[in-house]
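The block underneath contains the structure these notes are about, expressed in structure tokens.
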Amino acid sequence: MARQILGLYWDEAQIQICLLRSTMAEPFVERLASFRRELDEQGQPVQDILSEIAELKEKLNLPSDSCVAALSERELMYRQVFRPFGDRRKIAATLMAELETLLPLADDQLFYDFVLTGKDAEGLNQVLTVVARSAPIRALISGLKGIGLEPELVTAPACAVAAGLKAHYDLDPVRNYIGLHLGWQESA
């Protein structure tokens, strides 16, 4: 049975949606659209984002089994760290101590993820980390649930672009690539 996944990204100027239909064979884009937000004289949205998404969901009759939402890049911090080991469990166990020195918050106030991006000249594993405070993520999840969407994943535009590139192109695992996302007030 096909599964529908609704992808959402927004900024002050527009809302972008991508509806994927995932079958056993492969996923395909069913609908891709961008909608301009109504702005006031100062260039700020007239309505809050959740109200606008709820209206679009109803107006477009957007069915979805799950939802993927992009967190604003302003809520994130990226850091490249190095490890002499490549075991993901060991990396995960050692990252928080280092990240806490950069952001003076407790473990339960941070969410983080990482990806191995290769080795440096000395043979150390390069680990790209992304860190966000948990409060904005929890607020986004509860807000989306409040309008009838079930968020399966909260991601960042840069991570979403990277995941999309990996999923749709046969990229060489040894080479480095740059993916660029340009937004109204933020780029990644």
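The values are calculated or read from the model by the stated rules, or taken from the named source; none is laboratory data. What you are looking at is a predicted structure, and each value in this text was computed from that prediction instead of being measured. Here the Cβ is made from the backbone with ideal geometry for all residues, glycine too, and neighbour counts use every protein chain on show. Just so you know, the surface numbers come from the protein's heavy atoms only, side chains and all, with ligands and any DNA or RNA stripped out. Shrake-Rupley method; radii C 1.70, N 1.55, O 1.52, S 1.80 Å.
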Within segment 37-45, is there a residue that is open to solvent by 40 Å² or more (accessible area, probe 1.4 Å), under 25 Å from Gly143 (Cβ atoms), among the polar types (S, T, N, Q) and part of a loop (DSSP other than H, G, I, E, B)? yes
Under the condition of being of a type in the set (Ser, Thr, Tyr) and either part of a helix (DSSP H, G or I) or modelled with pLDDT of 85 or more (or both), which residue from segment 130-174 is least open to solvent (accessible area, probe 1.4 Å)? Ser134
Identify the residue in segment 46-74 that is modelled with pLDDT under 80 and closer than 28 Å to Leu99 by Cβ and, among all such residues, is surrounded by the fewest Cβ atoms within 10 Å (Cβ to Cβ). Arg74
From the residues in segment 11-20 that are in contact (Cβ under 8 Å) with a residue 60 or more places away in the chain and not polar (S, T, N, Q), which one is most open to solvent (accessible area, probe 1.4 Å)? Glu12
Could you tell me whether segment 79-96 includes any residue that is open to solvent by 70 Å² or more (accessible area, probe 1.4 Å), hydrophobic (A, V, I, L, M, F, W, C) and at pLDDT 80 or above? yes
From the list Thr23, Thr101, pick out the single residue that is among the polar types (S, T, N, Q) and open to solvent by 80 Å² or more (accessible area, probe 1.4 Å). Thr101
Determine, yes or no, whether Leu8 is modelled with pLDDT of 85 or more and under 21 Å from Ile147 (Cα atoms). yes
